[in-house]
1. For the range 7-25, which residues satisfy the criterion of being open to solvent by 30 Å² or more (accessible area, probe 1.4 Å) and within 20 Å of Ser70 (Cβ to Cβ)?
2. Report, by residue number, each residue of the range 411-456 that is small (Gly, Ala, Ser), touching a Cys at 6+ places or on another chain (Cβ under 9 Å) and without any contact (Cβ under 8 Å) to a residue 40 or more places away in the chain.
3. Please work out which residue is nearest to Gly368 (Cα to Cα), limiting yourself to the range 319-340 and to residues that are open to solvent by 40 Å² or more (accessible area, probe 1.4 Å) and not in a helix (DSSP H, G or I).
4. Please enumerate the residues belonging to the range 378-389 that are open to solvent by 10 Å² or more (accessible area, probe 1.4 Å) and closer than 20 Å to Pro30 by Cβ.
5. Is it the case that the range 55-74 has a residue that's touching a Leu at 6+ places or on another chain (Cβ under 6 Å), buried (at least 22 other Cβ atoms within 10 Å of the Cβ) and either part of a strand (DSSP E or B) or not assigned by the TED database to the domain that holds Val237 (or both)?
6. I need the full set of residues from the range 390-404 which are surrounded by fewer than 24 Cβ atoms within 10 Å (Cβ to Cβ) and either on the phi > 0 side of the Ramachandran plot or not hydrophobic (A, V, I, L, M, F, W, C) (or both), in order please.
7. Taking the condition outside the structural domain of Val400 (by the TED database), assigned to a loop (DSSP other than H, G, I, E, B), over 28 Å from Ala98 (Cα atoms) and in contact with a strand residue (DSSP E or B) (Cβ under 9 Å, 6 or more places away or on another chain), does Leu19 pass?
8. Just the residues that are charged (D, E, K, R) and under 13 Å from the mean Cα position of the chain (by Cα), please, taken from the range 302-350.
Amino acid sequence: MDFQVVVLAGDFANKLIPLVSKEVPKALLPVANRPVLSYVLELLEQSNLKDLIVVVEGQDAAVRVGGWISGAYVDRLHVEVAAVPEDVGTAGALRAIAHHLTAKDIMVVSGDLVSDVPPGAVAAAHRRHDAVVTAMLCSAPVSGPSDSGPSGGKDKTKKPGRYNLIGLDPTKQFLLYIATGAELEKDIRIQKSILRAVGQMEIRADLMDAHLYAFKRSVLQEVLDQKDTFQSLRQDVLPYLVRSQLKSKVLLNGTPQAEENGNEKINSQKNQVLMSRILANASTPSFHELYDTNGSARRSHKCCVYIASDSKYCVRLNSIQAFSDINRDIIGEASHLSGYSFSAHNNIIHPSAELGAKTTVGPHCMLGEGSQMGDKCSVKRSVIGRHCRIGSNVKVANSVIMNHVTIGDGCSIQGSVICSNVQVQERVVLKDCQVGAGFVVTAGSECKGEALAKKDK
C-alpha cells in the first residue's frame, strides 16, 4: 500500500507518575501483563503494515523499548527505533525524523492506543478521497469518576469524557472544524468560508481523536517546515490543515496567505442545542469543488475522517485512570484483544501459578507466571503480574499488581496500582492508591487516594 508507518511511543509521561520510571517508560507499561506498545504493533501487523519507525523521546527509553521490540518481534516486523530529544512534542518528533520519511503517504499512530479498529481501513479511506490528512475518530470512552486514580469508591458511575468538539459535513466523511484542549472552554468560531461552502455542519462532542492519522507526506513535511513552532499534531498541525483546506494553494506552492478573518461565533453554552446542526442552509454538491469570483475553478485539499463503529474498542492509555480502565477491559469486555485463552471460569491463571487453600480467583482476573498466593485469598477483577508473592487472607479487587511484588498477610488492596518490586508488609490497607516501583509500604499502614513512591535522591 506504500504507506510508511510511524509509531509515536511517547516520553516519560508526567501524568503517569509514579507508574512510569526510567526503568519502565510509558510504552512498556503493562496491559494484561503485556507492554501497551504490543497492542499497536500487533494491530499494524494484522493490517500487513510491517515496516515501522518507532519514535521514543529520550535515548535511555529508546534503548529499553528497542531491546524489548528486538526480542519480541525479531522475525515478524521490520522496526527501526529512533530516539528524539525529550519534550519535542508529536510534531517535533516527526520533524526530527523527517529525513526517514520517503513514502507518498505516512501513517502516524500513538503507541498508547489500544484498539481493534483496523488501520488498513483508515489507509483505504485516505487513498479513496486523495486526502491530505485522514483522522480516525472513535466514541469517547467512559471512565471512572476520578482522573487521579482508579474508581474504587462508592460512586461507580462511569462518565463519558470530553475530548474534542468536531465539525463534520453531512456525509460524515470530511473534517470541517476541530477544537481541543483549552479551546473547548471558548466560544466556537468557524470560518465563514467553510460555512458558505458546506452550508450545513454537524458538531459532535462524543467523538475522540484516536491519534491515528494518515498524512500526505509532501503536505505534512511542508507544514512542519513552514510552521516550526508547531509542537503537537492534534493541537497544531491538524487544526491548521482543517482551517486552511479551502486555501490549498497556501500549502501546495508555499506562498503564504493571510487566513480569512471572517468567523461565525457560536456560544459554547449552546453546544447541546447545536449537536446535530449549525446551519440549515442547503448544502452544496461538493464543497471541495469551489469557484472564485471570476468563475475559475479552484480545488481545495481534503481533511477526512474515518469514524470507527461503536462496537469497536478504542482507548488511549494517557492517564492513570485510563491505565486501570484498559487493564480491566482487556480481561473483561475487550478480552478478544488480550491474546490469551480464558478458562471456563472466564479468567487466566498461568499453569505455573500456585493457589493456597480456599483461595478464589474470580472472573475477569489474571494471575501471571510463577506467582504464588497463600490461603483464604480473594481476587476480583484484577491483574496480578509475574512472580508475585502474596500471603494469606489477602483481598485484591479492581487493581493492577505488576511483577515481583510481595504482599504480606492480611492486606486489602482495592482500586489500586502497585508497580514492580514493591513490598507491601502485613495488614496494609490500600484504597485508590498508586505505589511506585520498589516502594516499601510499612506494616499496618492505611492509605486512601495516595501516590506512594521513592523520593529522588
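The values are calculated or read from the model by the stated rules, or taken from the named source; none is laboratory data. A quick note: this is a predicted structure, and the numbers were derived from the prediction, not measured. In this analysis, Cβ positions are derived from the backbone assuming ideal geometry, glycine residues included, and neighbour counts consider all displayed protein chains. The accessibility values were calculated without ligands, DNA or RNA, using every heavy atom of the protein model including side chains. Shrake-Rupley method; radii C 1.70, N 1.55, O 1.52, S 1.80 Å.
1. Listed by number, the residues that qualify are Lys22, Glu23, Val24.
2. Gly438
3. Tyr340
4. Looking only at the range 378-389, we keep the residues that are open to solvent by 10 Å² or more (accessible area, probe 1.4 Å), and these are 378, 380-381, 386-387, 389.
Listed by number, the residues that qualify are Lys380, Arg381, Arg386, His387, Arg389.
5. yes
6. Gly391, Ser392, Asn393, Lys395, Asn398, Asn403, His404
7. yes
8. Arg316, Asp325
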